[in-house]
Amino acid sequence: MSEQHTAAVMVRELGRQLAALRRAAGLTQHQLAGLTGFSRSTVSLAEIGRESHAHQFWEACDKALDAGGALTAGFDQVTAVREAQQQAAARAAQQAREAHALAALTAAQQQVPGS
């Protein structure tokens, strides 16, 4: 499973966790939005895993739902996976550039008479 796929699955799971905690608290999305200072659509999008939003959103939800930091920790895990994915992509791009440069150098050396 790719890290990008893993991050998407993690965001959806975090959203399901948020929805379950909200329902267990007896709150509507609108009510949770009011408690957190974010919009109902932000809550809705987070619950379906369409967006992971900012750290502040998850902290506010943690506080409003008395989740003990579980939501913030989940967001931090998603962030760590995404950062690892970006670093891996940057390494792969650098390796591709280096391979291309080496191939160009080798080709140029083969064309120079007397090399």
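Residues VAL81, VAL11, VAL112 in ascending order of nearby Cβ atoms (within 10 Å, fewest first): VAL112, VAL81, VAL11.
Taking other C-beta atoms within 10 angstrom as a stand-in for reagent exposure, VAL78, VAL9, VAL43 fall in the order VAL9, VAL78, VAL43, fewest first. Here ALA20 and GLN87 are evaluated by their C-beta separation; at R0 = 30 Å the FRET efficiency comes out at 0.40.
Under 20 Å from a label point set 7 Å out along the Cα-to-Cβ vector of ALA103, the amide N atoms of segment 52-95 belong to 89-95.
Each helix, a run of at least 4 DSSP H residues, gives -39500 (n - 2.57); summed and divided by the residues of the chain, these come to -27000 deg cm²/dmol at 222 nm.
Laboratory data are not the source of any read-out in this text; all were calculated from the coordinates shown. If you're wondering where the values come from, they're calculated on a predicted model, not measured in any experiment. Note: ideal-geometry Cβ built from the backbone for every residue, glycine included; neighbour counts use all protein chains shown.
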